[in-house]
Amino acid sequence: MPLNIAMDGPVGAGKSSIAAEVARRLGILHLDTGAMYRAIGLTALRRGVDVTDEAAAVALSRELDISVAHEADGQHTFVNGEDVTGLIRTPEVSMAASSISKYLGVRQGMVALQQKLAAQTPMLVDGRDICLRVLPGATVKLYLTASAEERARRRWLEMQQKGASDTYEQVLEDLKKRDDQDMNREVDPLRPTEDAVIVDSTEMNFEQVVEYILAIVKEKTA
């Protein structure tokens, strides 16, 4: 069985970038499951599908061909063959993805696909239900988090670099709304599993978090 590392955590915790670097140093693939839900969210916004309509959201998710490919610059996410990697990181898509990911019918399809991918090769998988639902038997389970204020600060700085006009207060408010949706949904709400190692990065920089996680992996796989 290939080495599987499961990483959960709230929005803005830096899961994608941290997971990508940890996977690179370990020489394994990184699967960003959040990007898959974002791809559905983007399509819903494009098509005018009401993301609060569960039946419509589930029907849309079953209609789409969501796939990923690992290229030199990281994971690329596709919808019906279109590379949407550069289109799925907006606040609007983020909220749409959070709404759609609440639905059991959507999650079942995505979980099955994610499990299939992880069974094929050593992989670090990050998301919000990885330890609990996608890879319950993972060798290493992690829960990466930070205070809401610190997560919002990091996201705001990142958005500023991209020319966004959102204020820090707006980013913090949106982040707290996303936390509320993710942590209080009926299906697989976001929370650390009992066997996950909690990594609080509030007072840590990027390199410190990566090194800390690599040490955990080394210990768990010794």
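The values are calculated or read from the model by the stated rules, or taken from the named source; none is laboratory data. Please read all numbers here as calculations on a predicted model, not as lab measurements. Please note: Cβ atoms are built from the backbone with ideal geometry, for glycine as well, and neighbour counts cover all protein chains shown. When the accessible area is computed, the model is the full protein with side chains, heavy atoms only, and any ligands, DNA or RNA have been set aside. Shrake-Rupley method; radii C 1.70, N 1.55, O 1.52, S 1.80 Å.
Name the single residue, out of those in segment 196-215 being hydrophobic (A, V, I, L, M, F, W, C) and not in a helix (DSSP H, G or I), that is farthest from the chain's Cα centre (by Cα).
Looking only at segment 196-215, we keep the residues that are hydrophobic (A, V, I, L, M, F, W, C), and these are 196-199, 204, 206, 209-210, 213-215.
Now drop any that are not not in a helix (DSSP H, G or I), which leaves 196-199, 204.
Numbers: Ala196: 16, Val197: 17, Ile198: 16, Val199: 16, Met204: 20 Å.
The selected residue is Met204.
Restricting Gly34, Gly86 to those that are open to solvent by 40 Å² or more (accessible area, probe 1.4 Å), in a helix (DSSP H, G or I), under 30 Å from Glu207 (Cα atoms) and not β-branched (Val, Ile, Thr) reduces the list to Gly86.
Which residue out of Lys162, Lys141, Lys102 is under 26 Å from Asn205 (Cα atoms) and either open to solvent by 30 Å² or more (accessible area, probe 1.4 Å) or more than 16 Å from the chain's Cα centre (by Cα) (or both)? Just one listed residue meets the conditions, Lys162. Residue check, Lys15 against (1) among the basic types (Lys, Arg); (2) open to solvent by less than 60 Å² (accessible area, probe 1.4 Å); (3) over 13 Å from the mean Cα position of the chain (by Cα), all met but one. Which one? Failed condition: (3).
Let's see how each residue does on (1) open to solvent by less than 70 Å² (accessible area, probe 1.4 Å); (2) among the small types (Gly, Ala, Ser); (3) at positive phi; (4) modelled with pLDDT of 95 or more:
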position	(1), (2), (3), (4)
Tyr168	yes, no, no, yes
Asn184	no, no, no, no
Pro189	yes, no, no, no
Asn205	no, no, no, yes
Tyr212	no, no, no, yes
Ile216	yes, no, no, yes
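The residue pairs whose first member lies in segment 163-178 and is β-branched (Val, Ile, Thr), whose second member is surrounded by 15 or more Cβ atoms within 10 Å (Cβ to Cβ), and whose beta carbons are closer than 7 Å, counting only pairs six or more residues apart or on different chains, are Val171/Ala152; Val171/Arg155; Val171/Trp156; Val171/Met159.
Pairing each residue of segment 47-66 that is in contact (Cβ under 8 Å) with a residue 12 or more places away in the chain and farther than 14 Å from Lys102 by Cβ with any residue that is surrounded by fewer than 14 Cβ atoms within 10 Å (Cβ to Cβ) and not acidic (Asp, Glu), provided the two are 6+ apart or on different chains, yields C-beta distances under 6 Å for Asp65/Asn80.
Only one residue in Leu132, Leu64 is of a type outside the set (D, E, K, R) and under 16 Å from Leu45 (Cβ atoms). Which one? Give the derivation first.
Details: Leu132 fails: under 16 Å from Leu45 (Cβ atoms).
Answer to the check: Leu64.
Scanning segment 143-154 for residues that are aliphatic (A, V, I, L, M) and not in a helix (DSSP H, G or I) yields Leu144, Ala146. Among the residues of segment 97-109, count how many are in contact with a helix residue (DSSP H, G or I) (Cβ under 7 Å, 6 or more places away or on another chain), within 16 Å of Glu63 (Cβ to Cβ) and assigned to a helix (DSSP H, G or I). The number of residues fulfilling the criteria is 4. Being among the hydrophobic types (A, V, I, L, M, F, W, C), in contact (Cβ under 8 Å) with a residue 12 or more places away in the chain, open to solvent by 20 Å² or more (accessible area, probe 1.4 Å) and not in a loop (DSSP other than H, G, I, E, B) is a property that Leu157 lacks. The residue list Ala55, Ala39, Ala6 contains one member that is of a type in the set (A, V, I, L, M), modelled with pLDDT of 95 or more and outside any helix (DSSP H, G or I), which is Ala6.
Scoring Ile198 on the criteria (1) surrounded by 14 or more Cβ atoms within 10 Å (Cβ to Cβ); (2) in contact (Cβ under 8 Å) with a residue 12 or more places away in the chain leaves a single failure, condition (1). For segment 110-123, the condition of being under 27 Å from Lys177 (Cα atoms), open to solvent by 40 Å² or more (accessible area, probe 1.4 Å) and in contact with a helix residue (DSSP H, G or I) (Cβ under 8 Å, 6 or more places away or on another chain) holds for none of the residues.
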